[in-house]
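For reference, the structure discussed in these notes is given below.
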Amino acid sequence: MTVTERLLHYVSFDTQSDESSETCPSTAKQKLLGEALVEEMRAMGIADARIDKDGYVYGSVPGAPGAPAIGLIAHMDTSPDCSGRDIKPRIVEYTGGDIALNDTTALSPEDFPILNRSVGKHLIVTDGTTLLGADDKAGVAEIMTAAQQLLAMDGRHATLKIGFTPDEEIGRGADRFDVKGFGADFAYTLDGGDITDYEYETFNAAKSKVTIHGFSIHPGTSKDRMKNALLIAMEYNALLPALETPGHTEGYEGFFHLQEMHGKVEEATMEYIIRDHSMERFRQRIAVMDAAAEQIDRRYGKGTVTVDTQDQYYNMYEVLKDHMEIVELAEAAMKGAGIANPTHSPIRGGTDGCMLTYQGLLCPNLPVGGHNAHGRFEYAPVESLKTGVRTVKQLLSPTLIEAVILNMYQERIKKVLAAMEEMGLEQMLVSNPNSIWYLTGYYVFPYERMLALYLRRDGNHALFLNSLFPEPEANCRKIWFSDTDDCVGKVAEEVDGSKPLGIDKEWPAVFLLPLMDRLPDCRCVLASDCVDDVQACKDSVEQDLMREASRINDLVMERAVKRLKEGVTEKEIAEYIVSQYAAEGCENESFQTIVSFGPNAADPHHEPDNTVLKAGDCIVIDMGCRKNRYCSDMTRTYFCKEAAPEFAAIHNLVRTANELAESMVRPGVPLCDLDKAARDHIAAAGYGEYFTHRLGHFIGQNDHEKGDVSSANHNLAKPGMIFSIEPGVYLPGKFGVRVEDLVLVTEDGCEVLNRVDKHWKTVG
């Protein structure tokens with residue numbers, strides 16, 4: 001069967017789930033589809049196809065020896081929000097305008113503008129009385145079709161692990177999923193959404209039941225005695241932010257959502273859901289609910305309000321951010337399937353993949369091409385279904401697996417080993433957690449405990465781990481120790497004491513000195529450059545991550561500029577910038593945001609305070625965010641209301657120095673020449689002594705990494721290097737100007753990662 005034929009067949013099964021049911025699956029009819037899928041898989045040649053007592057379906061397609069096992073998961077149930085019985089789908093060739101679903105109901109681009117993107121395509125639509133069920137039977141159909149095609153490839157692919165779940169629509173899809181028995185190294189859900197858009201961020205979620213305890217008495221004698229629970233409930237809700245509801249939020253913005261309200265004078269209950277992508281803001285929202293209760297209690301007496309809040313699920317990005325190679329694989333697969341520019345959006349909800357990620361199975365989401373889920377206007381383009389099948393096949397293709405997953409860390413390690421060879425080293429200990437993540441994909445902050453990656457030129461690497469650390473997936477030996485073990489002794493047993501040992505600059509003396517005592521004939525050599533110099537040249541994955549961090553930085557800078565009005569303080573602007581980073585899903589700032597008004601701008605590292613913006617002040621904003629572990633950095637200088645001629649002239653001087661240096665960036669140029677060009681340009685105008693710092697610094701996982709752009713650095717620019725270009729002039733007691741971009745050295749020049757206009761302008 002084709003993917004289209006499969007979807008049309010699967011939607012004939014009524015598989016609505018039921019939130020009020022306490023069984024698993026919540027409706028027995030879901031098992032009918034599950035049993036049919038098992039029968040179909042066995043007929044295809046999937047010998048281990050099975051359905052368990054709870055209605056979960058499993059199967060696998062064996063792949064090449066040594067290839068990873070990749071899970072693909074979709075849910076069989078449909079939403080209780082709209083009938084899924086007696087679905088009557090049909091295929092229409094869409095030429096534009098309205099699609100008549102029945103005599104009274106039409107699918108219109110006026111209501112759903114995204115429909116305009118489907119002109120010329122074949123759409124599977126409903127008869128306007130039921131949902132379609134592409135959410136998520138399109139995912140089931142795409143997995144099944146891809147599995148059938150993979151079976152014809154004689155194992156020349158990654159191993160495919162198939163999982164179909166019940167009850168996803170009521171939030172229980174992952175509850176009884178057999179993660180261990182599933183046997184996947186990592187997985188993807190295939191669920192809903194435009195075929196070009198994948199997802200790896202979800203809400204943090206909680207549900208909260210608020211109970212108001214009133215006091216009922218005859219209304220004729222109730223003065224100063226009655227406590228009307230219904231009215232108090234209204235007061236409670238009014239204490240929550242009025243604009244932080246689903247109807248007023250989008251993107252990364254969280255909300256409070258009042259779903260149900262019941263009650264009488266004596267008692268009333270309200271049921272809320274609380275959502276936010278940021279864990280910090282999520283916890284703050286829960287605190288707001290509790291604070292509102294405390295305020296009501298102060299008004300009406302202790303115990304008037306009780307709030308029972310239960311966490312439901314968490315943002316899977318908090319786990320996936322340390323495993324972005326899996327996300328990169330998904331994007332590469334989509335490109336291989338013909339999607340030129342895949343996009344990713346935050347999920348304003350949760351998925352089975354969210355819960356599974358926290359159960360230890362990393363699981364971002366791939367789209368299946370359905371639109372308008374949970375209602376009568378649901379549809380799915382046939383062409384999107386076919387693209388979904390191609391994406392799955394690309395995902396499991398041997399070329400992609402080798403290129404994206406297996407080789408990335410190996411290639412990084414190879415480069416470090418080559419640098420070790422140049423230093424005459426056959427062995428090295430790496431202790432910096434960021435460097436270990438860079439080389440293995442494993443991240444843990446050890447605090448006072450020992451963490452080390454032992455690299456050997458012969459390839460017999462080992463990772464030393466405390467038993468309290470999480471289990472790594474790193475492709476090397478793991479040597480475990482407990483808090484009471486002789487951890488240094490375990491390192492000494494592995495190290496060849498007759499040969500020099502490279503040590504990075506992060507290795508604590510509390511471990512180094514005892515190791516030197518254990519191995520008196522082993523010469524320890526500072527070898528940080530072996531790793532730092534490799535990290536200085538960012539690979540394509542890192543370059544994309546830093547482009548994204550810079551894109552967000554541009555966006556937030558443009559928002560912040562609109563807040564620059566007379567009377568605002570430096571702290572207020574800085575705090576706003578930080579809040580916007582959080583709203584865009586960033587982990588945090590790259591460094592403390594610098595906002596300087598007037599004379600404060602003469603201090604390059606001024607910390608924002610309560611200085612108030614006045615007309616005529618210059619404004620320096622130096623800011624950066626950390627997104628997906630990688631940093632951004634940018635500085636712009638503005639003027640409030642007006643710019644004095646001297647101020648404007650110096651701004652033009654600094655900007656042109658920035659542009660001059662950037663125009664020179666290319667492979668082979670000495671970094672000191674960039675600094676000299678910008679410095680000479682400023683000095684020629686008579687302000688050389690007021691350019692008080694180096695021209696730039698390298699940046700990556702940290703805002704300042706090894707390497708700089710200064711008169712002392714005669715190293716040559718290489719492709720992949722990313723550093724700042726940030727000339728400045730600072731006149732003590734008067735003002736300062738700095739203009740900063742990040743530049744990526746390309747094969748034939750450079751790419752400026754920032755897009756915000758650098759010319760001086762007035763604001764406010």
Highest mean first, how do 55-62, 173-180, 336-343, 474-481 rank when packing is the count of other Cβ atoms within 10 Å averaged over residues? 55-62, 173-180, 474-481, 336-343
Taking r as the C-beta separation of Ala28 and Lys734 and R0 as 60 Å, the FRET efficiency to the nearest 0.05 is 0.15
For the chain, give the share of DSSP beta bridges that are antiparallel, in percent and rounded to the nearest 5; count only bridges with both residues there. 75
Estimated distance in nm for a label pair at Tyr447 and Arg50, the labels positioned 7 Å out from Cα along Cα-to-Cβ: 4.1
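Nearest 20 debye, what's the magnitude of the dipole of the range 204-313 about its Cα centre given +1 on Lys and Arg Cβ and -1 on Asp and Glu Cβ?
400
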With θ set to phi - 60°, apply the Karplus curve 6.51 cos²θ - 1.76 cosθ + 1.60 along the range 521-535 and write out the HN-Hα couplings as whole Hz, x wherever there is a Gly or Pro. 8, 8, 7, 8, 10, 5, 10, 4, 4, 4, 8, 4, 5, 5, 5
Counting Lys and Arg as +1 and Asp and Glu as -1 over every other residue whose Cβ sits under 10 Å from the Cβ of Ile594, the net charge comes to -3
Glu5 and Glu566 label points (each 7 Å along its Cα→Cβ direction) are spaced in nm at 7.5
Just going by the charge dipole of the chain, with Lys and Arg at +1 and Asp and Glu at -1 on Cβ, which of Leu151, Met423, Pro645 is farthest out on the positive end? Pro645
Surrounding net charge for Val561, when Lys and Arg each add one and Asp and Glu each subtract one, Cβ distance under 15 Å: +1
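Tell me the net charge near Lys386. Cut-off is 13 Å between Cβ atoms, Lys386 excluded, with +1 for each Lys or Arg and -1 for each Asp or Glu. Don't skip to the end; give the middle numbers.
Working: positive: Arg6, Lys121, Arg390, Lys393; negative: Glu5, Glu142, Glu383.
That works out to +1.
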Once every DSSP H run of n ≥ 4 in the chain is given -39500 (n - 2.57) and the sum is divided by its residues, what mean residue ellipticity at 222 nm do you get, rounded to the nearest 500 deg cm²/dmol? -10000 deg cm²/dmol
Counting sequence-distant residues (5 or more places) and residues on other chains, those with an amide H built under 5 Å from that of Met316 are Thr202
So what is log10(I(q)/I(0)) for the chain at q = 0.05, 0.09 1/Å, when the Debye sum runs over its Cα atoms only? -0.33, -1.02
Residue-span extension gain [Leu468 to Asn652] - 0.36 nm each, minus C-alpha spacing: 60.7 nm
HN-Hα J couplings of the range 495-512 from phi, Karplus 6.51/-1.76/1.60, θ = phi - 60°, integer Hz, Gly and Pro as x? 6, 7, x, 8, 10, x, 10, x, 10, 8, 5, 8, 5, x, 4, 4, 9, 5
Simple spin-label estimate for His759 and Ser540 in nanometres, 7 Å along Cα-Cβ: 3.7
Treating cross-link reach as a plain straight distance, find the lysines whose alpha-carbon is under 22 Å from the alpha-carbon of Lys490, omitting any fewer than eight places away in the same chain. Lys478, Lys499, Lys505
Using only the alpha-carbon atoms of the range 62-114, report the extent along each of the three principal axes, biggest first, to the nearest angstrom. 56, 28, 19
With viscosity set to 0.692 mPa s and temperature to 37 °C, compute the Stokes-Einstein D of the range 518-628, Rh being the Kirkwood radius across alpha carbon pairs; µm²/s, no decimals. 200
Counting just the Cα atoms, what span does the range 15-142 cover along each of its three principal axes? Round to the nearest Å and put the largest first. 50, 40, 23
Hydrodynamic radius by Kirkwood, which averages 1/r over all alpha carbon pairs of the range 547-608, in angstrom: 12.3
Assign one of three labels to the range 409-535, namely rounded, prolate or oblate, based on the Cα gyration tensor with a ≥ b ≥ c the square roots of its eigenvalues; rounded applies when a/c is under 1.5, prolate when it is not and a/b is larger than b/c, and oblate otherwise. oblate
Per-residue ³J(HN,Hα) for the range 338-352, Karplus 6.51 cos²θ - 1.76 cosθ + 1.60, θ = phi - 60°, Hz, x for Gly and Pro: x, 8, 5, 10, x, 10, 9, 10, x, 7, 8, x, x, 9, 3
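Read-outs throughout are calculated quantities, based only on the coordinates presented, and are distinct from any laboratory measurement. Quick caveat: nothing in here was measured; it's all calculated off a predicted structure. Neighbour counts are summed over all protein chains in view; Cβ atoms, including those assigned to glycine, are modelled from backbone coordinates with ideal geometry.
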